[in-house]
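A quick write-up on the structure given underneath.
The values are calculated or read from the model by the stated rules, or taken from the named source; none is laboratory data. Because the structure is predicted, anything quoted here is derived from the model rather than measured. Note that each Cβ is placed from the backbone with ideal geometry, even for glycine, and that neighbours are counted across all protein chains shown.
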Amino acid sequence: MTTDVTPKPHHLIASDRVEGTAVRRPNGDKIGHIERLMIDKISGQVSYAILSFGGFLGLGANLLPLPWARLTYDPDLGAYQLDIDDAELKRAPSFRVDKDFDWGDRSGEEDLHRYYGVPPYWGGY
């Protein structure tokens, strides 16, 4: 007797498979990669993807906290898509690897959501 152990398709992905995934513009140009995810401890919802970009071999890279709602997954590219130009990317709120974003400052998170034009994951401004 044989059993079919082929997994059924689904929409879930393990966090360690998201980390390191490329982030690309709609034209396919690579912007950077997802360094890590920020998950709301109460709701369990993914709130932010931390985008690593710039630098060389990981040195001097900037980290951008992106509201998760701003990203879309493109299965053809095997990457997350972010429609952002270089000027907008350079102006975006960011932090350095050696100094984390102040996640305890809700007003800073509100500024992130305003910048990217998506409502906060917790609702309202």
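General observations
- Residue count, the stretch 59-105 (criterion: crowded, with 17+ Cβ neighbours inside 10 Å, in a loop (DSSP other than H, G, I, E, B) and out of contact with any Leu (no Cβ under 8 Å at 6 or more places or on another chain)): 2
- Residue match in the stretch 46-53 (condition: modelled with pLDDT of 90 or more, touching a Phe, Trp or Tyr at 6+ places or on another chain (Cβ under 6 Å) and among the polar types (S, T, N, Q)): yes
- Test set (1) assigned to a strand (DSSP E or B); (2) more than 16 Å from THR72 (Cβ to Cβ); (3) not charged (D, E, K, R) - SER43 fails condition number: (1)
- The single condition among (1) at pLDDT below 95; (2) assigned to a strand (DSSP E or B) that HIS11 does not satisfy is (2).
- Look at the stretch 71-88: where a residue is modelled with pLDDT of 90 or more and a partner is among the aromatic types (Phe, Trp, Tyr) and loosely packed, with under 15 Cβ neighbours inside 10 Å, sitting 6+ places away or on another chain with Cβ atoms under 6 Å, you get TYR80/TYR73.
- Selection count where residues are surrounded by 15 or more Cβ atoms within 10 Å (Cβ to Cβ) and either out of contact with any helix residue (DSSP H, G or I) (no Cβ under 8 Å at 6 or more places or on another chain) or touching a residue at least 40 places away in the same chain (Cβ under 8 Å) (or both), scope the stretch 37-47: 2
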